[in-house]
Each structure stands twice: as structure tokens, then as C-alpha cells.
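The values are calculated or read from the model by the stated rules, or taken from the named source; none is laboratory data. What you see is a predicted model; the values in this text were computed from it and never measured. With ideal geometry, Cβ positions are generated from the backbone for all residues, glycine too; neighbour counts draw on all protein chains shown. The accessibility values were calculated without ligands, DNA or RNA, using every heavy atom of the protein model including side chains. Shrake-Rupley method; radii C 1.70, N 1.55, O 1.52, S 1.80 Å.
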Amino acid sequence: MVSLVCKKVGVLSLLLFLLFLSTSLYSQNLGRLEGFVKDVKTGDPLIGATVRVIGTELGSVTDERGYFLIENIPTQSYTVEARFLGFKSELKYNVIVRSAGNVPLVFELLEALDELGEVVVTASPFIKKAEAPNSIQNLSREEIATYPGGNNDIAKVVQSLPGVSGSVGFRNDVIIRGGAPSENVYYLDGVEIPNINHFATQGSAGGPVGLLNVSFIEDVTLSTSAFGAQYDNALSGVLQFNQRTGNPKRPGYNFRLGASEAAFTFEGPLSKSKNSDLARTTYIVSARRSYLQFLFKLIDLPFLPDYWDYQYKINHKIDDKNELNLIGIGSIDDFSVNRPDDITEEQQAILDQISIIQQRTNTIGLSWKSRFNNGFLRTTISNNFLTNKFQRFRDNENKQGLLFGNDATEIETKFRFEWTKFVNSWTFSAGTLFQTSSYENETDDLENNISFSSDLNFERYGLFGQIAKSSSDEKLVASLGFRLDGDSFSEGGSNIFNNFSPRFSISYALSNRWTVNGSAGIYYKIPPMTILGFQDNSGVFVNQSAKYIRSDHMVLGLEFIPKQATRFTLEGFYKRYDNYPVSVRNGVSLANLGGDFEVFGSEEIISNGKGRAYGMEFLYQQKLTNRFYGILAYTLFWSEYTDVSRAVFRPALWDNRHLLTFTGGYKLNNNWELGIRTRYLGRAPFIPVDVAATELVYPTIVNDFSRIGDERLQAFNSTDIRIDKKWNYKNWSLNVFFEVTNILGSDLPQPPQYGLDLDDNGLVILPQMLIRIEEENNSATIPTFGVVIDF
């Protein structure tokens, strides 16, 4: 079935791609770049800064607003540099100039502490923060947009970053250095968002399709072991998505057609003053619509995913020191079933066991940033809303014989305040968090004889402080911070000192090329509302005694930068967990759950689980130089957790041991680009099925959790390629891409699947008999085609 889908989609994609290649239109080969140069600390415009396009004679000088404009640039990729006396210059790599659709560049320069006269000091293009000197990675807008095999899905792009193993198949779980997918937090322009996927696993964050529109994103930063004190609830990773603002001079439009959806994005000025051609208020807004449900219906698949999403950002500059940002993102998801005409045993098993999902999400946030002399205040208020109707029936096709039903609503309203002050080589920051949480849930679990109606309301609160110091020669940078968090519901949660979270980091430059980095910290995460809001049949919140999950991190690394655009790092890391929730019913650590289409954590637990994840990681990264850019990373790690006994550490489901990734691209002549991603995952454990118990209760699948780690899947390797071609015309530009996922046809490792035995007519043979589904060709090679138009 998968092979037939791939062949049909592949032939159509190839024909459309060739059609575009054969199109002969007169092209426009010149474009322009514009943007701003600012002081990174104060946000003040740098007047008279020089901006130049490397490799050409083209350049510009900023005006009194810090604004620059460079015109008549040949349409191709460049490195662009911004310089200002007394500041470190900044290079932006892989800046693509088009005839239309060029996003304004924003340079934020850091003042040089050394007085070097006319000597130019260039800041490293590799992001590093005082509180996170190691285990931090950043991807630019162009690196995200041309990522092979990602179909412009940012959640998939993240899986190319070092230490991120992700899922095998069609889910976007972010699994960082052996940690569970529920251990990460996500921020969009400083506003926390609960998840970044459609059809997200409630209580966790993974799903099959990313929620964020790549046209909005300026860059993505991932921290995997050292987290700033302003971030709460992070155990394994913090993902920060920075959005760009709309064009302040002119309206622009972007149309994007991918393998699964179509998106339309608008941007531009909302209002302009009579005295300036730059608007104080800008907007960018988009809507996306999937068409997978129509394609899957056409080719007779047993499930039909249907989704919409929307995203917006409005930026208003009140004056030179104050600005407002209003952001929003939401989704409408419906997952239904479809009985194929000539149903196979595999399709019948999917139809029997699949869940029917209706999900709605919305996040809205308003932030006010007020700059003062050598510092700023940021105040943010946001609201997250999730409704999740999750059902599984004995007869899914006709929705008869309910086996499990979960109708839940989660609402969070957050108020964050952050103060930052720069004093010479010192940086001070402090802030508070106050949050109201509401959770309603109607659950009917006939499989486990549980039924309850939950209505939970409580508050969360926290505060943090952080201090960083750089030596006068900038060789030594150190940071010390802490967090205190509590809540009004859980037993012991009202005492914020129970969750005291200190952290420390240090970085020392051995020479201009070699740096040693280290960090250590204790981090806490409150259990998700699915755990806290669970009740027994008598209406008692049996998990009110749940403790905050604890994770202790220690990292030591060495960084080598032989050239401006090249770096190597080697890190050793150790994570130790305590208070991890363990299922009373199954005796398994919840660290092994959350990577499937279920409701994560809605069961009785005890907070006595332990865990550990440790290993080493090598990274090579090359920014665009001589037409090539790439990231090569290898992670060797172990991930283990205890069960209810706390006595024995068993391999986690994420214990692949080996993770090797390479992602890179090469710029060819005439605006052609070739991208490649290859990934190797070692053998991961899986949970075997208890066949005898499953026969009695099918279509419910009964897992044998006592055998976690006894069996492992085969190793997985996959190579994806992508070819981009850009055309530039007067007032509009066109990008056509063709990509092939798993071009070598490698098998996707899957645990044994079970279903009912069918006769030749697709009817269940009576009496019912559970059989193992014979594995068919599982080497899905998927070619896809996409179009991006800017005008």
C-alpha cells in the first residue's frame, strides 16, 4: 500500500517538477537587501554602521534609525557583514537575495570590551550564552527552509540537531539525549506554547505534523543541557522559536505548497506616519490547510487526517524605547477513519486499533519590552487553550462500543515579568511567574473500569535570578542562577524551597581557537495536568501527592574553531532523574511513555522513579563557505529508568545508544541548490505485546511492560535529498523544490503488529483469532514536490 502511494505521488511530483524546469520566462536578476543595525543590549540604532555584501563592492551606511538599504544585488546567496566602531562586527551567512520576498535583516552588535582602536573584531557566528556556553545550537531561516526531507516542517527540522534522536516513522517527537518527549519546553517569541504539533499527545508534545509556519521563523535555538533561569519546567531541552516582524515599508505575500498542505502568508505595514517611510506598526499573518485527507481518501487509506492552522504577529513601536508584540497560533485537527474497499489484514488492524481525535489549540500572547539605560523590562501575558476529544471504539467505523473516551479542556493563563541590567561586564536578570491553570476532563475508561469527571483549578508561581560576568579580556565568562517554583494544588507544592533549582556555568578561552565549557544544574518540572487532574471512581485526586520531577545535569565540553565559519565540539554529559512518575497499574516509568497517540499520564502514579542518561557528543558545523554548509554530529548515549521497585535500571524506549546525523547543502550555479540529510539510529528497545491477554480484550492491545529492554528493533538509517531551483522575475520570485525521503529504501523498524485473521473477502474469520501481521515491504521511499512564491 505504501509503495503504491509513493509511486503515484512520485510520478506526479516528477512531472510537475519537470514542467517547471521547462518553463521559459524572462527573469529579473537583481534584488535588494534592507534592515536594521542595533546595539544588542540597549536596542538603540547604530547610526553610521557599515553593511556590506561580502564578495562584491555593494554596501550601505545606516541612517539615524539604524536602517540600511542595498539595491541592485545579483540574485544569489551571500554573506553579509555589519560593522560599527567599538562593536564586534557580525556576519550573516547564507543570505539569499531574490527579486521579491527578501526579509529585512536585523543585526544586533555587541560592544567590544577591549579597546582595540581600528582593529575589527568579528563575533562568532555560533551562538553562545553565558548561562548556556555548551549544548546550544541555532538554525537560521534559510537552513530551516531548505532542510531535506522535512517538507518545511520545523518539528522535523529540529530532529537534525545534535543529540536529538526523534521518532522513526511519522511522528515528530523531540527526544533529547535519551530524555522522554515530555521533558522539553517550547517558546515562541518568549511566549510558552504547550506543543508544536498537530494531533499532539495530550500531556506530552509529539505529533505527526508540525504546527509552526516556516515563513514566520527568523531562527531556532535549542539548549540541551544548560538552561537559563527564566525557563521553568525544562528537564531535557528548551526550544526557542524567534519570529520575524512584518516588512515596515511595503506589503508582501507568500504562497507555499508542500507535500501535505498549502499555506498563504501576508505581511506589511499597518500604518505609516507622514514623516517616515517606515511604519511603527507591522503585521504578518498566515493560514494553512491540509489536503492529506483528500489524498488518503482517494487512494483508500484507513485513516484521514484533516487540519487547519493559523499564526499571526503584530509589532508596534510605541517610541524608541518601548514596543509591543501580539502573537498568536492555533489549530483545528480532526482525525477520522475510512474503511478501504479491498481491506487487508494490516489495514483492518489499523482500523480496529486507531484512535479518533478531535483537537483544538490556541495560544495568544502580548509582550511589552521597555528599554532603559543599559537594560530592559519585559512583561508578558499569555493564554494557552487545548480541547482534546479522544475516543476508541470496539467498532471505530460506526463509533459503537466505546472502549476509551477522554474529553478534556486545558487552559493556562501566564504572567511573566523579567528585568535585565547590564553594568560594564556584568549582566543581572531577575523575574517572576504567576499562572492560573484550569483542567476539565470527562473520562470513561472501560478497558480499566475507570470513570471520572474532573474539574481542577490551581495556581503556579515562581521567581528566578541570574548573574553573569565576563573578564576584561573576555577569556573567562561565568554565570550563576537559581529558580524557585511552587503551586497551590500538589502536596508540598506551596513550599517553593522544595523545588530550589540552582545552576552554574563557566567558559574559558584557552586560546583564540580553543575553549573549555562546563555547566551544572538542578531542574524541576511539575507533572502535567493529565496526572494532577486524574481521579479514581470515587472522585478523589489520587495524584495530589505527586512530586516535581527532578533532573540533575552535568556537562563538560571542548570547543575548537579553526576558522571563522567552522567549529568542532566534544562534550560529555550526565543526567540523573528522581521523583519520576511510575504507573501503579503497569509498574512502568512514565519516562517510557508519551511517544504515541494516547493520553499521556491519565492514571494513578507514584513519584518514586529514578533515571539516568549519559554519554558523549561530537559536533562539526560549517556555515556557508565556498558554497557548502553542513552539520555532522555523533552521540553515544545510554538512557535507563527504574520501575516501581526502584531497584533495577532498565533501558528506556529511547535508548538507541548510537545517533549519527549529517545535514548539509551545496550551492550550484544559476540558483540551484542540493541538500542532503542522512541519519542513523541504533537499535531501540520496544514494549512486547502480551498476545494471550490481548486475544481476550482485542481491539485493546495489552503490552507486557515487565519485558522492556528484553528485545530491540533493528537499527534505522535513512537518507533524504532535496533539489531547489529559484527563478526571479519582476516583482515576484519562484522557488521549486523536489525532495525524496529515504531515497535508499531502508526499512522502517517497527515492533510486531497484531490483528484479526481475515478471509479472502476481507471479513473476520470466526471464531476470532489474533495473528501476527506479516511484514510487507516497509521501505517507504517518498518523493514530494513543492512550490514557494513570493510577491
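List of remarks:
- Selection from the range 169-220 of residues that are of a type in the set (F, W, Y) and within 24 Å of D790 (Cβ to Cβ): F216
- Number of positions in the range 256-285 that are in contact with a helix residue (DSSP H, G or I) (Cβ under 6 Å, 6 or more places away or on another chain) and closer than 30 Å to D319 by Cα: 1
- Filter pass, R646 being without any contact (Cβ under 8 Å) to a residue 60 or more places away in the chain, farther than 30 Å from P74 by Cα, of a type outside the set (V, I, T) and not in a strand (DSSP E or B): yes
- Scope the range 694-706; condition over 35 Å from the mean Cα position of the chain (by Cα) and open to solvent by 30 Å² or more (accessible area, probe 1.4 Å); matching residues: E695, L696, V697
- Within the range 532-582, considering residues that are free of Cβ contacts under 8 Å to residues at least 40 places away in the same chain and open to solvent by less than 40 Å² (accessible area, probe 1.4 Å), the one nearest to F628 (Cα to Cα): D552
- A count restricted to the range 41-77 and to residues that are open to solvent by less than 40 Å² (accessible area, probe 1.4 Å) and over 15 Å from F107 (Cα atoms) stands at 3.
- Residues in the range 325-336 that are open to solvent by 40 Å² or more (accessible area, probe 1.4 Å) and over 29 Å from F376 (Cβ atoms) were compared, and the one that is nearest to the chain's Cα centre (by Cα) is I332.
- Of the criteria (1) in contact with a strand residue (DSSP E or B) (Cβ under 6 Å, 6 or more places away or on another chain); (2) under 30 Å from S429 (Cβ atoms); (3) not aromatic (F, W, Y), which one T146 fails: (2)
- Selected residue (only one of N396, N448, N424, N457 is open to solvent by 50 Å² or more (accessible area, probe 1.4 Å) and either at pLDDT 95 or above or touching a Pro at 6+ places or on another chain (Cβ under 9 Å) (or both)): N457
- Filtered residues of the range 478-490 (kept if more than 17 Å from I531 (Cβ to Cβ) and open to solvent by 40 Å² or more (accessible area, probe 1.4 Å)): L480, F482
- Picking from residues in the range 148-196 that are in contact with an Asp or Glu (Cβ under 7 Å, 6 or more places away or on another chain) and more than 23 Å from G601 (Cα to Cα), the one that is modelled with the highest pLDDT is G163.
- Residue that is farthest from the chain's Cα centre (by Cα), among those in the range 342-354 that are open to solvent by less than 30 Å² (accessible area, probe 1.4 Å) and among the polar types (S, T, N, Q): Q348
- G709 assigned to a strand (DSSP E or B) and either over 22 Å from P581 (Cβ atoms) or open to solvent by less than 40 Å² (accessible area, probe 1.4 Å) (or both): no
- Among the residues of the range 85-112, those identified as within 17 Å of D219 (Cα to Cα) and polar (S, T, N, Q) are N94, N102.
- The residue pairs whose first member lies in the range 678-696 and is over 11 Å from L770 (Cβ atoms), whose second member is in a helix (DSSP H, G or I), and whose beta carbons are closer than 7 Å, counting only pairs six or more residues apart or on different chains, are I687/F705; P688/R707.
- Verdict on R339 being basic (K, R), open to solvent by 50 Å² or more (accessible area, probe 1.4 Å) and part of a strand (DSSP E or B): no
- F36 vs. criteria closer than 26 Å to K421 by Cα, at pLDDT 95 or above and in contact with a Gly (Cβ under 9 Å, 6 or more places away or on another chain): yes
- Residue-level analysis places L25 outside the set of residues that are at pLDDT below 95, loosely packed, with under 14 Cβ neighbours inside 10 Å and in a helix (DSSP H, G or I).
- Sole residue being open to solvent by less than 30 Å² (accessible area, probe 1.4 Å), over 21 Å from G682 (Cβ atoms), touching a Leu at 6+ places or on another chain (Cβ under 7 Å) and not polar (S, T, N, Q), chosen from F716, F785: F785
- Elements of the type strands (runs of 3 or more DSSP E) sitting completely within the range 539-627 and holding at least 1 residues that are among the aromatic types (F, W, Y) and either touching a Ser or Thr at 6+ places or on another chain (Cβ under 6 Å) or within 27 Å of G207 (Cβ to Cβ) (or both): these cover 566-583.
- Residues of the range 339-368 satisfying the condition of being of a type in the set (A, V, I, L, M) and closer than 27 Å to I701 by Cβ: I343, A349, I350, L351, I354, I356, I357
- Candidate set: the range 149-182, residues that are closer than 23 Å to F568 by Cα and more than 14 Å from the chain's Cα centre (by Cα); chosen: the one surrounded by the most Cβ atoms within 10 Å (Cβ to Cβ): G178
- Only one of F417, F372, F434 that is closer than 29 Å to S479 by Cα, in contact with a Phe, Trp or Tyr (Cβ under 6 Å, 6 or more places away or on another chain) and of a type in the set (F, W, Y): F434
- Within the range 97-111, the set of residues being out of contact with any Gly (no Cβ under 8 Å at 6 or more places or on another chain), open to solvent by less than 40 Å² (accessible area, probe 1.4 Å) and either polar (S, T, N, Q) or not in a strand (DSSP E or B) (or both) comprises just one member, V103.
- Residues in the range 720-742 that are hydrophobic (A, V, I, L, M, F, W, C), surrounded by fewer than 20 Cβ atoms within 10 Å (Cβ to Cβ) and under 28 Å from the mean Cα position of the chain (by Cα): I721, I723.
- Boolean, E192 is in contact with a Lys or Arg (Cβ under 8 Å, 6 or more places away or on another chain) and crowded, with 24+ Cβ neighbours inside 10 Å: no
- Screening G493 with (1) open to solvent by less than 20 Å² (accessible area, probe 1.4 Å); (2) in contact (Cβ under 8 Å) with a residue 60 or more places away in the chain gives one miss only, at (2).
- In summary, strands (runs of 3 or more DSSP E) completely within the range 231-324 and bearing 2 or more residues that are buried (at least 16 other Cβ atoms within 10 Å of the Cβ) and among the small types (G, A, S) occur at 261-271, 281-290.
- Filtered residues of the range 259-290 (kept if farther than 15 Å from L326 by Cα and among the aromatic types (F, W, Y)): F264, F266
- Some residue of the range 381-390 being part of a loop (DSSP other than H, G, I, E, B) and either touching a residue at least 40 places away in the same chain (Cβ under 8 Å) or surrounded by 16 or more Cβ atoms within 10 Å (Cβ to Cβ) (or both): no
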